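What follows is a single structure, written as structure tokens, with notes after it.
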Amino acid sequence: MAFRITGLSPEPFKHLYGLSDEALKDFGVLRYHVSQDTGFPDRIEMRDAKRGETVLLLNHFCQPADTPYKASHAIFVLEGALKPYASINKVPQVMETRLLSLRGFDREHMMVEADVIDGHRVANLIDRFFSNPNIAYIHAHNAKQGCFSGRIDRVSE
């Protein structure tokens, strides 16, 4: 089953780029200077930020629908990121290297199915979820920290 993984649009975050640390605090946002090549997964470009880059830690509504599954959690965005990741049938490395929790939602944004899997095997679980015609889209979360990792949509063939 064909699938598309997309990063977040940078539009909701652009106004934060370049603000002082004090101004960021007014938005509940923290800036981190990346000191290692893993541990700071950007949700726009869907990659680990590299040493020397800066990321913003902020709260993001990953499931904004007005259902019992409405949810938000902390995520990192690469400061200055402008082009969101998008790929068909390819799992980005930032997902492959982590333990993931997948949550399949129907068109009414209700959770239909959920499971946890090693990121290297996530494509198999995506196929299994999308074999259920009631699942309209999937959210991936990092299983340990719980932060939103990315959205996965069914691709019409």
Query raised in the report: So which residues in segment 106-137 are open to solvent by less than 20 Å² (accessible area, probe 1.4 Å) and touching a residue at least 40 places away in the same chain (Cβ under 8 Å)?
Result: 126, 130
Query raised in the report: Among the strands (runs of 3 or more DSSP E) contained in segment 26-132, which hold 1 or more residues that are under 18 Å from residue 9 (Cβ atoms) and either charged (D, E, K, R) or out of contact with any Asp or Glu (no Cβ under 9 Å at 6 or more places or on another chain) (or both)?
Result: 54-63, 71-78, 86-88
Query raised in the report: Does any residue in segment 73-87 that is without any contact (Cβ under 8 Å) to a residue 40 or more places away in the chain come within less than 7 Å, Cβ to Cβ, of a residue that is of a type in the set (Gly, Ala, Ser) and in a loop (DSSP other than H, G, I, E, B) six or more places away or on a different chain, and which pairs are these?
Result: 78/49
Query raised in the report: Could you list, in sequence order, the residues of segment 1-13 that are without any contact (Cβ under 8 Å) to a residue 40 or more places away in the chain and either open to solvent by 80 Å² or more (accessible area, probe 1.4 Å) or under 19 Å from residue 91 (Cβ atoms) (or both)?
Result: 11
Query raised in the report: Do we find a residue being surrounded by fewer than 16 Cβ atoms within 10 Å (Cβ to Cβ), within 23 Å of residue 144 (Cβ to Cβ) and at pLDDT below 95 anywhere in segment 23-34?
Result: no
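The values are calculated or read from the model by the stated rules, or taken from the named source; none is laboratory data. What you are looking at is a predicted structure, and each value in this text was computed from that prediction instead of being measured. When we count neighbours, we look across all protein chains shown, and the Cβ atoms used for this are built from the backbone with ideal geometry, even at glycine. Protein only, heavy atoms only, side chains kept; ligands, DNA and RNA dropped before computing areas. Shrake-Rupley method; radii C 1.70, N 1.55, O 1.52, S 1.80 Å.
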